[in-house]
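Below you'll find the structure, written out as structure tokens, and then a few comments.
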Amino acid sequence: MPTRLSHLFLRTLRDDPADAEIASHKLLVRAGYIRRQGPGLFAWLPLGLRVKANVERVVREEMAAAGAQEVHFPALLPKEPYEVTGRWEEYGDGIFRLQDRKDADYLLAPTHEEVFTLMVKDLYSSYKDLPLTIYQIQDKYRDEARPRAGLLRGREFTMKDAYSFDATDEGLIASYQAQRDAYERIFARLGLDYVIVQADAGAMGGSRSEEFLHPSPVGEDSFVRSAGGYAANIEAFTTIAPPAIPLEGLPSAEVFDSPNTPTIESLVAFVNAEHPRADGRAWTAADTLKNVVLALTHLDGSRELIAVGLPGDREVDLARIEVAFAPAGVEAATEADFAKNKALVKGYIGPWATTGPVLGETGAARIRYFVDPRVVEGSAWITGANVHEKHALFVTAGRDFVAEGTIECAEVRAGDPAPDGSGPVDIARGIEIGHVFQLGRKYAEALGLKVLDENGKLVTVTMGSYGIGVTRIVAVIAEANHDDKGLIWPSEVAPFDVHVVATGKDDVVFDIAEQLVDGLEAAGADVLYDDRPKVSPGVKFGDAEIIGVPVILIVGKGAAHGLVELWDRRTGERTEVAISDAVDRITMKA
RNA sequence: CGGGGCGUAGCUCAGCUUGGUAGAGCGCUCGCUUUGGGAGCGAGAAGUCGCAGGUUCGAAUCCUGUCGCCCCGACCA
């Protein structure tokens with residue numbers, strides 16, 4: 001049966017909704033695919049549901065081809081499994097929690113590693129049962145601090161999440177590769193550009209992790225890539241450390257007065273004026289060591305001050321630092337923090353003083369100290385002397401101070417060298433549409449998922465988890481496929497194969513249109529039929545454009561002469577065809 | 001959580017400075033006309049002006065509080 005526009009639950013809107021910023025959000029609402037229900041919550045209308053179902057169909061087909069089996073878990077789950085793995089606490093405010101009538105704690109699952117693991121533990125106990133990959137397409141819930149951009153970041157969203165279970169490391173690699181390959185096929189079929197980037201695996205506790213990013217200026221993820229093929233999420237980018245310098249013969253550190261130089265800029269100007277370099281080159285911000293005091297908030301709520309040292313020409317990147325300290329939170333230290341720690345002289349902090357080390361657990365400030373990878377042994381810096389209006393020259397790493405370790409704490413810049421030697425990187429924005437993880441044994445260990453191997457020994461299963469954001473993909477496709485008139489769906493996910501528009505006041509056009517609709521349906525096409533009487537052609541054409549079915553068949557003024565028009569929504573091209581040829585032309589195309 | 005903005009009809013918004021019976025366009029209903037690019041005329045339905053308190057003879061408008069939403073940042077598999 002064709003879908004008749006006269007009865008379809010749809011109202012297209014002439015104005016952009018006031019709360020929408022990006023094209024996909026505006027158009028999906030205006031074209032009647034979705035409606036907002038609350039912050040980050042959307043209802044799906046008939047058109048939207050069809051597109052979403054098409055995305056899910058592609059995912060299901062490729063999951064099946066990759067040997068994954070579909071299951072379905074509740075979105076509402078008891079907290080216990082999440083307590084065992086620590087995620088009940090780790091998620092903090094990030095999940096929706098609720099109680100039943102007996103006050104037992106539940107959550108709306110943000111992701112399902114725990115219960116998949118437990119289900120496999122319940123049913124399987126032999127290596128012969130593995131490998132196994134199971135998946136579901138299920139709504140997920142996250143209490144996002146700030147939902148935004150319509151479907152791109154919602155608090156309820158549909159995700160395909162797959163989990164692989166293997167007895168061996170080699171098995172995990174194969175299972176991971178099978179999902180990764182499936183993802184490439186899925187995105188190719190959906191016509192979506194993507195870049196596979198190295199991701200930070202730390203938070204999920206795994207060994208290898210890659211994200212599929214769709215490059216887009218509205219994306220929330222920054223990633224870097226080099227012409228030589230390196231690509232990484234900016235949080236996973238690693239800095240090449242320069243070679244260490246032998247300490248012998250290096251000049252000693254010397255403290256100097258530096259009145260009114262609380263910033264890097266003022267300091268550089270001052271040393272160039274008062275302590276110029278012997279070699280004639282001017283000092284730059286990159287010669288200074290900037291020490292920034294941060295506060296970690298650990299899972300138990302305790303607060304720990306730390307310091308990071310990095311070249312003064314770089315800003316700190318808190319997101320990259322978070323990776324190093326996950327799951328602890330990181331924020332800049334407050335005035336109160338400085339007030340409590342007298343050894344930290346704001347504006348003049350350095351790792352070293354004439355009285356000995358200052359930063360570091362054994363230093364005067366008694367806080368842990370980490371440095372950027374560029375701060376290698378033998379590198380000498382201009383840095384704070386821990387006395388108000390005093391700095392020091394030639395403070396040398398490995399001699400005057402020793403850091404607890406190196407961490408990635410500095411911003412990444414376009415032009416920085418890729419760690420694999422493939423050249424300088426540039427920085428772009430992307431939308432995460434898929435993520436594959438080698439989880440390893442973290443969850444299996446915590447939940448006790450073991451199988452007997454061929455020697456009769458119990459071994460812990462190794463796992464992978466693989467996500468695709470289904471609702472997000474609907475938005476991304478809309479974002480990538482529209483013009484100023486409306487949506488333009490790729491045929492694989494379009495809500496209909498063809499949109500038949502009957503226009504005119506003569507009953508003949510409607511009779512001919514009905515026959516064409518029947519013919520198209522008989523040939524297997526999904527048809528949207530604009531059968532509305534007394535609606536002007538302009539309105540019908542406008543609705544066809546905003547709805548975005550790629551193939552439009554206009555039955556109108558030419559119908560009496562045996563002609564209809566084929567309208568390609570993407571190119572705008574209209575072709576007159578004989579009524580008798582119309583069905584074949586369309587179904588061949590589709 | 002920090003900064004900014006906004007809450008008035010289904011939607012997009014005006015009115016608020018300077019208090020005096022609630023407005024427009026779109027959409028919706030009915031009638032007539034119109035039918036290849038969001039049509040015309042006429043007649044309608046539709047709003048606790050986010051909420052609560054206060055000032056006042058009188059509050060959408062002024063004051064206080066509060067809730068919500070949007071944007072930027074922070075956060076975010």
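If you check A:8, A:47, which single one turns out to be surrounded by fewer than 20 Cβ atoms within 10 Å (Cβ to Cβ) and in contact (Cβ under 8 Å) with a residue 60 or more places away in the chain?
On inspection, the qualifying residue turns out to be A:8.
Taking into account only those residues within region A:152-188 that are under 17 Å from residue A:67 (Cα atoms), hydrophobic (A, V, I, L, M, F, W, C) and part of a helix (DSSP H, G or I), which is nearest to RNA strand B (Cβ to nearest atom)?
A:186
Out of the residues in region A:137-147 that are near RNA strand B (Cβ under 9 Å from one of its atoms) and touching a residue at least 24 places away in the same chain (Cβ under 8 Å), which is farthest from residue A:64 (Cα to Cα)?
Restricting to residues being near RNA strand B (Cβ under 9 Å from one of its atoms) and touching a residue at least 24 places away in the same chain (Cβ under 8 Å), the top hit is A:145.
Are any of the residues in region A:157-169 basic (Lys, Arg), at pLDDT 90 or above and surrounded by fewer than 21 Cβ atoms within 10 Å (Cβ to Cβ)?
No: zero hits.
Regarding region A:275-285, can at least one residue be identified that is assigned by TED's automatic domain parsing to the domain that holds residue A:373, over 44 Å from the mean Cα position of the chain (by Cα) and either under 22 Å from residue A:408 (Cβ atoms) or not in a loop (DSSP other than H, G, I, E, B) (or both)?
Looking through region A:275-285, none of the residues is assigned by TED's automatic domain parsing to the domain that holds residue A:373, over 44 Å from the mean Cα position of the chain (by Cα) and either under 22 Å from residue A:408 (Cβ atoms) or not in a loop (DSSP other than H, G, I, E, B) (or both).
Tell me which residues, restricted to region A:284-311, are open to solvent by less than 40 Å² (accessible area, probe 1.4 Å) and of a type in the set (Ser, Thr, Tyr).
A:288
Considering A:314, A:281, which residue is open to solvent by 60 Å² or more (accessible area, probe 1.4 Å) and out of contact with any Pro (no Cβ under 8 Å at 6 or more places or on another chain)?
Going through A:314, A:281 in turn, the sole match is A:281.
Within the set of pairs 6+ apart or on separate chains, which have a first residue in region A:431-454 that is of a type in the set (Gly, Ala, Ser), a second that is open to solvent by 10 Å² or more (accessible area, probe 1.4 Å), and C-beta atoms under 6 Å apart?
As it stands, the answer is A:440/A:206; A:440/A:207; A:444/A:460; A:446/A:84; A:446/A:85, since those pairs meet every condition given.
Quick one: which residue in A:226, A:209, A:222 is within 15 Å of RNA strand B (Cβ to nearest atom), within 22 Å of residue A:372 (Cα to Cα), touching a residue at least 24 places away in the same chain (Cβ under 8 Å) and open to solvent by less than 50 Å² (accessible area, probe 1.4 Å)?
When all the criteria are applied, what remains is A:222.
Would it be correct to say that residue A:14 is in a strand (DSSP E or B), within 13 Å of RNA strand B (Cβ to nearest atom) and over 30 Å from residue A:129 (Cα atoms)?
In short, no.
Yes/no per residue for (1) under 30 Å from residue A:183 (Cβ atoms); (2) more than 38 Å from the chain's Cα centre (by Cα):
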{"residue": "A:337", "(1), (2)": "no, no"}
{"residue": "A:343", "(1), (2)": "no, yes"}
{"residue": "A:366", "(1), (2)": "no, no"}
{"residue": "A:383", "(1), (2)": "no, no"}
{"residue": "A:396", "(1), (2)": "no, yes"}
{"residue": "A:399", "(1), (2)": "no, yes"}
{"residue": "A:416", "(1), (2)": "yes, no"}
{"residue": "A:430", "(1), (2)": "yes, no"}
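Looking for whichever is among the acidic types (Asp, Glu), out of contact with any helix residue (DSSP H, G or I) (no Cβ under 8 Å at 6 or more places or on another chain) and within 30 Å of residue A:259 (Cβ to Cβ) here; the options are A:420, A:416, A:426, A:400. Which one fits?
Residue meeting the stated conditions: A:400.
Taking the residues in region A:455-480 that are in a strand (DSSP E or B) and out of contact with any helix residue (DSSP H, G or I) (no Cβ under 7 Å at 6 or more places or on another chain) as candidates, determine which candidate is surrounded by the most Cβ atoms within 10 Å (Cβ to Cβ).
By that ranking, first place goes to A:469.
In region A:59-85, what residues are basic (Lys, Arg) and in contact with a Lys or Arg (Cβ under 8 Å, 6 or more places away or on another chain)?
A:79
Just need a number here: residues in region A:106-135 that are away from RNA strand B (no atom under 12 Å from the Cβ) and either outside the structural domain of residue A:65 (by TED's automatic domain parsing) or not in a helix (DSSP H, G or I) (or both).
Adding up the residues that qualify gives 12.
Take region A:11-27 and flag every residue that is open to solvent by less than 40 Å² (accessible area, probe 1.4 Å) and at pLDDT below 85.
A:17, A:20
Would you mind finding the one in A:483, A:506 that is more than 26 Å from residue A:32 (Cβ to Cβ), among the acidic types (Asp, Glu), surrounded by fewer than 17 Cβ atoms within 10 Å (Cβ to Cβ) and free of Cβ contacts under 8 Å to residues at least 60 places away in the same chain?
Answer to the check: A:506.
State all residues of region A:489-503 that are open to solvent by 10 Å² or more (accessible area, probe 1.4 Å) and not hydroxyl-bearing (Ser, Thr, Tyr); if no residue qualifies, say none.
A:490, A:492, A:497
What pairs come up if the first residue lies in region A:518-547 and is farther than 24 Å from residue A:580 by Cα, the second is within 12 Å of RNA strand B (Cβ to nearest atom), and their beta carbons are under 6 Å apart, counting only those six or more places apart or on different chains?
A:543/A:12; A:545/A:485; A:545/A:486; A:546/A:12; A:546/A:31; A:546/A:486; A:547/A:31
The values are calculated or read from the model by the stated rules, or taken from the named source; none is laboratory data. Just so it is clear, the structure is predicted and the values come from calculations on it, not from any experiment. Glycine also receives a Cβ, built like all others from the backbone with ideal geometry; neighbour counts cover every protein chain displayed. Heavy atoms of the whole protein, side chains included, go into the accessibility calculation; ligands, DNA and RNA do not. Shrake-Rupley method; radii C 1.70, N 1.55, O 1.52, S 1.80 Å.
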